[in-house]
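Reading through the structure tokens given below for one structure.
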Amino acid sequence: MFRNVYLAVLAVLTIAGPVFADSDPITARQQLMEDNRDAAKVIGGMLKGEQPFDAAAAMAALEVWNVTAKKAGGLFPEGSGVGHDTEAKVTIWTDRAGFESEL
């Protein structure tokens, strides 16, 4: 039961990403990072033996990370370094070349 609920939540979060991206890049990247954190909890729980291995849940979590890898770099446009309690490092904008080289 938990697995089905979790997979449904992951699917909604993965699909909801583009909705946030259309509105505000800070909100979008914060949501993406929250989704990433939730996926890490699933994988971490399995690796630590706190929950049994579940291939479907693991693949869903990995898909969240895949989405993050594809979208995260584009969610830091100029001017989005302040607001909404962002925790993004200032160096993203002060050393743009360095940031982009890490993408």
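A short reminder: the numbers here are calculations on the coordinates, not readings from a lab. Values in this document were obtained by computation on a predicted structure and should not be read as measured data. When we count neighbours, we look across all protein chains shown, and the Cβ atoms used for this are built from the backbone with ideal geometry, even at glycine.
A few remarks follow.
- The loop-placed chymotrypsin sites (Phe, Trp or Tyr not before Pro) in the range 29-103, going by DSSP, that have at most 11 neighbouring Cβ atoms within 10 Å of their Cβ come out as PHE53.
- With the biggest extent put first, the Cα atoms of the range 49-103 measure 44, 25, 17 Å across the principal axes.
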